[in-house]
Amino acid sequence: MKKLLAVALASFVLLTACSSKENNAPNNGEAPAAGTKEITVWAWDKAFNIGAMERASEAYKAKNADLKVNIVENAQADIIQKLNAGLNAGTTKSLPTIVLIEDYRAQSFLQAYPDAFFALNDFITPSDFADYKIGPTSFDGKQYGVPFDSGVAGLYVRSDYLEEAGFKVDDLQDIDWKKLIEIGKEVKAKTGKSLLTQDPNDLGLIRMMIQSAGSWYLKEDGTTPNLAGNAALKEAFETYKELMNADIVKVTSDWSQFVGAFNSGEVASVPTGNWITASVKAEASQSGKWAVVPFPKLGGNPNSVHASNLGGSSWYVMNVDGKEAAAEFLKATFGSDVDLYQKLVTEIGAIGTLKAAAAGDAYKQADEFFGGQNVIQDFAKWTEQIPSVNYGMHTYAIEDILVVEMQNYMGGKDIDKVLSDAQSQAETQVK
């Protein structure tokens, strides 16, 4: 994943450039004046997030046909930069009414600028959503975000490769990473296929491993680095090294190589968030050859479970004119509309975190691409089991440190020294 600018580092140059672009562009997403029946939404990813908001807007017309919802597509990096610029300048003039923010980044904004966001306690009930989503979307006792998509992780597996190597999908239902590595070696020996891909500059796999054990790079306060002495992180590093040394990993360097590896049949599994489903199914010739099993546990950690998360985002209302209309809109759509979530699952593959949505018919449908498995229902079940952790303000800053230390570890540096040095660096660089 791309490492984007931290809130605290927005520069004067960025502010000037961004403000100039906003002020000179027509229909640039400025918040409507008081009393207008119009709100503006910023989001990224036309097919997924924008598509979800378009469907929410359409569904809301039956309840309030007078409200106009302007949806403005921006790259995620641009949204972060524009928010940085406006909030650092102390102005909301060029900000939207609703903005999508990735869960890993939310606390950076909420803690630095709590007055810039509109609390939604009177509009949604936090307990209606998956528990793990509430920490990132709330601050100081107030609920600011409407939880949206689940990044619930699973292990996508090629059932045909497993069978060729002498295994069944049932053999992977309750395993830890050591067992998966053993299976991966057999698959490589019998089929010539690598177990999975890995980009050395992307530690998403580490993130999923440690969250499965209820651990994170930061302590529960969300600010104190938690690297040295972190048992889950130590085991995750050791597991990563064991994977790489087993010669069962295809190394990739970008998104296209990652997707290309499983679409072309080069790897036997993909451990990642459910948002990859559409990319897996894009290769129609592989229909019936895939299954999804629970995420493997860390075998040496008693707290580790078969559920974790990678990614996910939520909707926030800015404290601008039109905020009440925006809050009502979110309340009636992403905050409660079970039928909307059935459409999101069916049409764009977005699995929401509204608990009631899982009871809908779309969540129960068998998927022939995955051999008739009720994949969405399984993901919804695993979503409820994801351990809650505090992502805090510094996930990406600390991961930049860990990427370097991981390479040192792969080169022979002692694991305890690796994590101790990473801790010292984080304590110096992260405030």
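The values are calculated or read from the model by the stated rules, or taken from the named source; none is laboratory data. Since the structure is predicted, the reported quantities are computational estimates derived from the model, not experimental observations. FYI the Cβ positions are ideal-geometry reconstructions off the backbone, even for glycines, and counts take in every protein chain you see. Side chains included, ligands, DNA and RNA excluded: accessible areas come from the protein's heavy atoms. Shrake-Rupley method; radii C 1.70, N 1.55, O 1.52, S 1.80 Å.
Testing Ser253 on (1) in a loop (DSSP other than H, G, I, E, B); (2) farther than 16 Å from Leu205 by Cα; (3) not basic (Lys, Arg), one condition comes back false. Which one is that? The failed condition is (2).
Set side by side, the residues Trp290, Trp315, Trp275 differ, and just one is touching a Gly at 6+ places or on another chain (Cβ under 9 Å), open to solvent by less than 10 Å² (accessible area, probe 1.4 Å) and closer than 23 Å to Ile79 by Cα, which is Trp315. The single residue among Thr91, Thr97 that is over 25 Å from Gln211 (Cβ atoms), open to solvent by less than 10 Å² (accessible area, probe 1.4 Å) and among the β-branched types (Val, Ile, Thr) turns out to be Thr97. Surrounded by fewer than 19 Cβ atoms within 10 Å (Cβ to Cβ), more than 22 Å from the chain's Cα centre (by Cα) and of a type in the set (A, V, I, L, M), is that true of Ala268? Spelling it out, it is not the case that Ala268 is surrounded by fewer than 19 Cβ atoms within 10 Å (Cβ to Cβ), more than 22 Å from the chain's Cα centre (by Cα) and of a type in the set (A, V, I, L, M).
This table checks each residue for (1) surrounded by 15 or more Cβ atoms within 10 Å (Cβ to Cβ); (2) more than 21 Å from the chain's Cα centre (by Cα).
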position	(1), (2)
Gly214	yes, no
Leu227	yes, yes
Ala231	yes, yes
Glu235	yes, yes
Lys241	no, yes
Thr252	yes, no
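Evaluation of Asp122 against the conditions (1) under 30 Å from Ser287 (Cβ atoms); (2) open to solvent by 20 Å² or more (accessible area, probe 1.4 Å) shows that the sole unmet condition is (1). Ala380 passes every criterion in (1) open to solvent by less than 30 Å² (accessible area, probe 1.4 Å); (2) part of a loop (DSSP other than H, G, I, E, B); (3) within 23 Å of Val280 (Cβ to Cβ) apart from (2). The set of residues in the range 383-416 that are free of Cβ contacts under 8 Å to residues at least 40 places away in the same chain, of a type in the set (Asp, Glu) and open to solvent by 60 Å² or more (accessible area, probe 1.4 Å) contains only Asp414.
Quick one: count up the residues across the range 344-368 that are open to solvent by less than 30 Å² (accessible area, probe 1.4 Å), out of contact with any Gly (no Cβ under 7 Å at 6 or more places or on another chain) and among the hydrophobic types (A, V, I, L, M, F, W, C). Of the residues in the range 344-368, 6 are open to solvent by less than 30 Å² (accessible area, probe 1.4 Å), out of contact with any Gly (no Cβ under 7 Å at 6 or more places or on another chain) and among the hydrophobic types (A, V, I, L, M, F, W, C).
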